[in-house]
Amino acid sequence: MRIEADRFLKDLHALRGFGASGVGKGVVRPAYSDADIAARRWLARQMEDAGLRVEVDAMGNLFGLAEGPSLLLGSHSDSQPEGGWLDGALGVIAALEVARAARDAGGPAVSVVSFQDEEGRFGVTTGSAVWSGQLTQKDADRLVDHAGIALGDARRAVADMVTGAVSAEQFTGFIELHIEQGPTLDTSGEQIGVVTDIVGIRDMKITFEGQQNHAGTTPMHLRRDAFQAVSAFNAVLNDRLRNVVTPQTVWTIGHLSLHPNASSIVPGRAVFSMQWRDADSDRLGRMETVIRTAASEIAEDRGMDLSYGPMLGLEPVSMDQRLRSALEAGAEAVAPGKWRTLPSGALHDATNVSRLMPVAMLFVPSIGGLSHTFEEDTGEADLVAGVQVLAHAVARLGSEA
Ligand code: GLV
Ligand code: MN
Ligand code: MN
């Protein structure tokens, strides 16, 4: 199977053109935005040109299907509100290139997917969560983004592309190439990471509701200031979690909305995201108890009403040994002595897809360990090596079948 590196890189840059931020190589292409839909239409044309049959489900997950049973390759083409050009995009364009190379080589059959809303405008890996049955369409439709828009309304933007449900039964396995998004490979100087496991995640919104009031006349001891409640909660939480976590555990308050968000008003309401990740489901549960207890205590001490949004989450998963071995053999062939196995601290569509079929993943380095920022990047030689390892693994799996 012959990968055409120039064609692959040209398409990767073409996808970057949809929602290019103008800052570095960054993109702004959140799920269902105009840029996301334009990118999906362009991708659909590339899939057709590659001889694949295009199908789009109600979420806007975009498939390019080969005839008969096939391996599914891909990732996602939506981005964070400030995203890098490779997060997801690399896996989709690499899949397209391998599908073309496999067709030219006379097999094996390769299908391509770009899942929708992996970046969680509405939830956690929402498109693949619905496709895999982890989340019902009805529950997904009720999820709202930070601006209060419901997914059920937002997905009308893809309605004219929808062809219907796409059965997972035609696929023999799923492989996702992705950037590492962390510092391990960049620091070690290695070119390829073969993923062993993907961490689990929990994510929910928390609301403290106090009393909006005048910032000049309201004495400090009479205030029910929602921002002060968040600030105190964060300090208590960091302290208490120390007894529960490992050095690999992470937790983040990444979004905070204050109402009405004005300099001279004591904020009456704070809504914030609370997200935590770990490789151990039990620890995720213990962290939840710490989080809810700390929030209740702060609310009671400070006269706040406390409420929670829906609890979203995915369990940790291990990669399939057979697919992993094919990737390891590919890594040794393409980058001898310059690869390793490693766990993924980022979430991926592969977690959801593992409910339906064997899955595996491989990583290429992220320069400076940066991702979810416009600065995200990877050296061209590493990008091409990633596609070559993927092609190698696909050819090997085809010959085993
Ligand atoms: C996916 O982008 C994640 O948040 O890990
Ligand atoms: Mn991603
Ligand atoms: Mn991401």
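The values are calculated or read from the model by the stated rules, or taken from the named source; none is laboratory data. Only a predicted model underlies this, so the values are computations on that prediction, with no experimental measurement involved. A quick note on method: Cβ atoms are made from the backbone with ideal geometry, for glycine too, and the neighbour counts reach across all protein chains shown. In case anyone asks, the SASA skips ligands and DNA or RNA and just uses the protein heavy atoms, side chains included. Shrake-Rupley method; radii C 1.70, N 1.55, O 1.52, S 1.80 Å.
In the full protein context, segment 293-398 carries 39 Å² of accessible surface per residue, based on a 1.4 Å probe and ignoring ligands, DNA and RNA. Each peptide in 316-324, 132-140 gets a packing score, the mean of other Cβ atoms within 10 Å over its residues, and the list from highest to lowest is 316-324, 132-140. Note that segment 104-112 has calculated 3J(HN,Hα) couplings of 5, 8, x, x, x, 6, 10, 9, 10 Hz, one per residue in order, obtained from phi through the Karplus relation 6.51 cos²θ - 1.76 cosθ + 1.60 (θ = phi - 60°); glycine and proline are x. Taking label points 7 Å from Cα along the Cα-to-Cβ direction, residue 220 and residue 153 give a separation of 4.1 nm. With the simple spin-label model, which puts each label point 7 Å out from Cα in the Cβ direction, the residue 315 to residue 10 separation comes to 4.6 nm. Accessible surface for residue 146 stands near 110 Å², nearest 10, in the context of the full protein assembly shown (1.4 Å probe). Here the Karplus relation 6.51 cos²θ - 1.76 cosθ + 1.60, evaluated at θ = phi - 60°, turns the backbone of segment 173-190 into coupling constants of x, 10, 10, 10, 8, 8, 6, 5, 6, x, x, 4, 5, 4, 6, 7, x, 8 Hz, with x for every Gly and Pro.
Taking all protein chains as they are arranged and a probe of 1.4 Å, the heavy atoms of residue 57 leave approximately 10 Å² accessible to solvent.
Would you calculate, for the chain, the mean residue ellipticity at 222 nm contributed by helices, counting each DSSP H stretch of 4 or more residues as -39,500 (n - 2.57) and dividing by all residues, to the nearest 500?
Details: 12 runs with 143 residues, N = 401.
That calculation yields -11000 deg cm²/dmol at 222 nm.
Between residue 307 and residue 400, what is the FRET efficiency for a Förster distance of 41 Å, r being their Cβ-Cβ separation, to the nearest 0.05? According to the calculation, E is roughly 0.20.
When peptides 291-299, 258-266, 64-72 are sorted by average Cβ neighbour count within 10 Å, with the highest value leading, the order is 64-72, 291-299, 258-266.
Taking θ as phi - 60° and the Karplus parameters 6.51, -1.76 and 1.60, the scalar couplings of segment 310-315 work out to x, 8, 9, x, 9, 7 Hz in sequence order, x denoting glycine and proline. Accessible surface for segment 46-202, divided over its residues, is 32 Å² per residue with a 1.4 Å probe. What is the diffusion coefficient of the chain in µm²/s, taking the Kirkwood radius over Cα pairs and the Stokes-Einstein relation at 10 °C with a viscosity of 1.306 mPa s? Estimated diffusion coefficient is 72 µm²/s. On the chain, 49 percent of the accessible area sits on carbon and sulfur atoms, based on a 1.4 Å probe. As a ratio to 2.2 N^0.38 Å, the alpha-carbon radius of gyration for segment 161-227 is 2.30. The magnitude of the dipole of segment 315-360, with charges of +1 and -1 set on the Cβ of Lys/Arg and Asp/Glu and taken from the Cα centre, is near 80 debye. Ordering 90, 126, 79 by Cα displacement along the dipole of segment 1-136 toward the positive end leaves 90 in first place; charges were set at the Cβ atoms of Lys, Arg (+1) and Asp, Glu (-1).
Fully extending the segment from residue 261 to residue 288 would add 6.9 nm, taking 0.36 nm per residue of separation and subtracting the current Cα-Cα distance.
For segment 192-238, with the dipole built from +1 on Lys and Arg beta-carbon atoms and -1 on Asp and Glu ones, taken about the Cα centre, which of 206, 238, 228 lies farthest toward the positive end? It is 228, whose Cα lies furthest towards the positive end.
Of 366, 257, which has the most accessible area and how do the rest follow, probe 1.4 Å?
Descending accessible area places them as 257, 366.
Using 0.36 nm per residue and subtracting the Cα-Cα separation, the extra length available between residue 231 and residue 246 on full extension is 3.1 nm.
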